[in-house]
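Below you'll find the structure, written out as structure tokens, and then a few comments.
The values are calculated or read from the model by the stated rules, or taken from the named source; none is laboratory data. Bear in mind the structure is a predicted one, so any value in this text is a computation, not a measurement. Note that each Cβ is placed from the backbone with ideal geometry, even for glycine, and that neighbours are counted across all protein chains shown.
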């Protein structure tokens with residue numbers, strides 16, 4: 001299981017996947033907050049996270065990132081039946 005350096009406080013669980021190894025689950029917003037605590041502005045932290053952290057595939061054990069505010073997810077699917 002891969003654990004990213006510096007993001008321990010953002011770990012919220014483990015994802016078990018059928019026929020695959022378990023992977024680390026991170027809180028996306030907490031990861032961005034950690035980057036901001038390291039001196040990045042909010043936009044820089046979001047871009048860095050999107051490109052270098054969440055956007056970095058490191059093999060089948062690549063961690064997952066959760067968006068814990070459901071409205072953020074639901075609002076991105078306007079065609080979804082209500």
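Scanning the stretch 4-28 for residues that are buried (at least 16 other Cβ atoms within 10 Å of the Cβ) and assigned to a helix (DSSP H, G or I) turns up 10, 28.
For (1) out of contact with any strand residue (DSSP E or B) (no Cβ under 6 Å at 6 or more places or on another chain); (2) closer than 28 Å to residue 19 by Cα; (3) modelled with pLDDT under 75, each residue gets a yes or a no:
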residue: 52; (1), (2), (3): yes, yes, no
residue: 57; (1), (2), (3): yes, yes, no
residue: 60; (1), (2), (3): yes, yes, no
residue: 63; (1), (2), (3): no, yes, no
residue: 69; (1), (2), (3): yes, no, no
residue: 73; (1), (2), (3): yes, yes, yes
residue: 76; (1), (2), (3): yes, no, yes
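Give the residue, chosen from 40, 46, that is surrounded by 15 or more Cβ atoms within 10 Å (Cβ to Cβ), part of a loop (DSSP other than H, G, I, E, B) and either at pLDDT below 95 or over 9 Å from the mean Cα position of the chain (by Cα) (or both). Result: 40 is the single residue among 40, 46 that is surrounded by 15 or more Cβ atoms within 10 Å (Cβ to Cβ), part of a loop (DSSP other than H, G, I, E, B) and either at pLDDT below 95 or over 9 Å from the mean Cα position of the chain (by Cα) (or both).
Residue 1 meets all of the listed conditions (1) modelled with pLDDT of 95 or more; (2) loosely packed, with under 13 Cβ neighbours inside 10 Å; (3) part of a loop (DSSP other than H, G, I, E, B) but one, namely (1).
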